[in-house]
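A short worksheet on the structure shown next.
Every number in this text was worked out from the coordinates using simple rules, so none of it is lab data. In this text the structure is predicted, and so the values were computed from the model without any measurement. Here Cβ is always computed from backbone atoms with ideal geometry, including for glycine, and neighbour counts include all displayed protein chains.
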Amino acid sequence: MRLGPVHIVIAGFLALASGDALAQGAPAGPPGAMPPPSVIVAPVVSKDVADISNYVGRVAAIDKVNIVARVAGFIEERTFTEGQLVKTGDLLFRIEQDTYKAAVEQQQANLAKARAVEINAALQLQRGKALLPKQFVPQSQVDQQTATQRSAAADILEAQAALDQANINLGYTEIRSPINGRIGLVNYTVGNLVGPSTGSLATIVSFDPIYVLFQASSRDVLDFKRRLLEAGPGAGRVTVRARLPDGKLYPEPGNANFLDIQADPSTDTIAVRAIFPNKQAFLVPGAVVQVEIQRGEPRPALLVPQSAVQLDQAGSFVLVVDPANKVEIRRITQGAQQGTAVIAATGLKDGERVIVEGIQKVHPGQVVAASVAPGN
């Protein structure tokens, strides 16, 4: 059979294409064969993990004081910067003092007057008692002088009490910090008229140490008490940790120092309070944190990435890639979550590879091209 010019050109192109494919090392195989699907795998890891319960906690200051003016007057001076640390006894506000100093001076004068009246009454009584035996004065007059002297003595006590109150009111014009802590925003500035009815001038809260309050289930509390009785106080000890709003674990552990005496009937939970050191003020009063309680000593467990775990009507399963790169379905029993991983109580072995990406592209028995996830 003779080939025409067109057939010769096509044959030449086919020969060139075949030569290029061989030069590039293209895999030999049947025409139309598809490469195995690519998946990303991660190894099953054995680690020592502890039994941890998670709760939602709220940070609370041990001491919190609302600063209120105890006497009325205009604010004359403020001696702090909002947000600064203050110590017990530090001057915070000074209320205009002139009126209260004048009240003290007036009461001092009233006290001096009462003492003078009492001295005169005492002298009159002394003279009356001296003349009474000689019957130069009647008994009724001496009785009246006695009553006058006692009344004058009582007036001294009254004047002294009024002077004490005036001094107290004068002292209230200087408002000082009752606790160590950090002071917040000021509600009234210099020049404002304040008094007992105007409300809080500012708020001071303590920061170090600090409380974290959370609600534990009655079941967890009962479990802890049972372990405490069975193993003794040392073995029943728990570690309380806090996880900050950014997801990072607070570096300092806390100690539970209070367990409420009754459960909340609506939630069947019991209030627990833990105390944490807080020198860096990472824990802010009113903030919400996650509380983690470790129960007992860590024990070995198999961890599998949470992204590898699938769920169907039969339960939890993962797809395992065996040494021959074949996919195998494996049923597992899930345990507690550990960060981005979960405990596989049954169904897996240490070091086995599970698919974490590309699960939808494969099926059991299929050969895959597996690559290890970064960081594993």
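Report the local net charge at T189: Lys and Arg +1, Asp and Glu -1, summed over other residues whose C-beta lies under 15 Å from its C-beta.
Local net charge: -2.
For the chain, a Gaussian network of Cα nodes joined below 10 Å ranks A60, A121, A69 by mean-square fluctuation, and the top entry is A121.
Placing +1 on the Cβ of every Lys and Arg and -1 on the Cβ of every Asp and Glu, with no other charges, gives region 97-172 a dipole of roughly 440 debye about its Cα centre. For the chain, a simple Cβ point-charge model (Lys and Arg +1, Asp and Glu -1, everything else neutral) yields a dipole of about 380 debye relative to the Cα centre. Phi angles across region 77-90 convert, under the Karplus curve 6.51 cos²θ - 1.76 cosθ + 1.60 with θ = phi - 60°, into 3J(HN,Hα) values of 7, 10, 10, 9, 9, 4, x, 7, 7, 10, 10, 4, x, 5 Hz, Gly and Pro given as x. In this calculation the C-beta distance from Q108 to I168 is compared with R0 = 25 Å, giving a FRET efficiency of 0.95. Take the chain, connect every pair of alpha-carbon atoms lying under 10 Å apart with a spring to form a Gaussian network, then pick out the residue of E76, E292, E105 with the largest mean-square fluctuation. Among E76, E292, E105, the largest mean-square fluctuation in the Gaussian network model of the chain belongs to E105. Less than 5 angstrom separates the built amide H of T203 from those of I67, G184, L185, all sequence-distant by 5 or more or on a different chain. The 3J(HN,Hα) values that the Karplus relation (6.51, -1.76, 1.60; θ = phi - 60°) gives for region 311-327 are, in residue order, 9, 9, 5, 8, x, 8, 8, 10, 9, 9, 9, 7, x, 8, 6, 9, 7 Hz. Gly and Pro appear as x.
Along its three principal directions, the equivalent ellipsoid of region 255-376 from the Cα gyration tensor extends over semi-axes of 41, 18, 14 Å, largest first. Around the amide H of Q338, modelled in the peptide plane, lie the amide H atoms of I343, all under 5 Å away and 5 or more residues distant in sequence or on another chain. Take the Cα of A116, step 7 Å toward its Cβ, do the same at K47, and the gap between the two points is 8.8 nm. For S38, the residues whose modelled amide H falls within less than 5 Å of its own, excluding neighbours fewer than 5 places apart on the same chain, are A369. For region 267-297, the residues whose backbone nitrogen is under 15 Å from a point 7 Å from the Cα of N54, taken along Cα to Cβ, are 289-294.
Dividing the convex hull volume of the alpha carbon atoms of region 97-172 by its residue count gives 56 Å³ per residue. Of the residues A152, A61, A341, the one that moves most in a GNM of the chain with alpha-carbon contacts below 10 Å is A152.
3J(HN,Hα) along region 243-250: 10, 6, x, 7, x, 7, 7, 5 Hz, from the Karplus curve 6.51 cos²θ - 1.76 cosθ + 1.60 with θ = phi - 60°, whole Hz, x for Gly and Pro. Across the chain, the fraction of Cα-Cα pairs farther apart than 31 Å, rounded to a whole number, is 69%. Helix 98-131 axis versus longest C-alpha principal axis of the chain: approximately 30°, rounded to the nearest ten. In terms of distances greater than 19 angstrom between alpha carbons, the cross-link table entries K87/K279; K64/K248; K47/K326; K47/K361 yield K64/K248; K47/K326; K47/K361.
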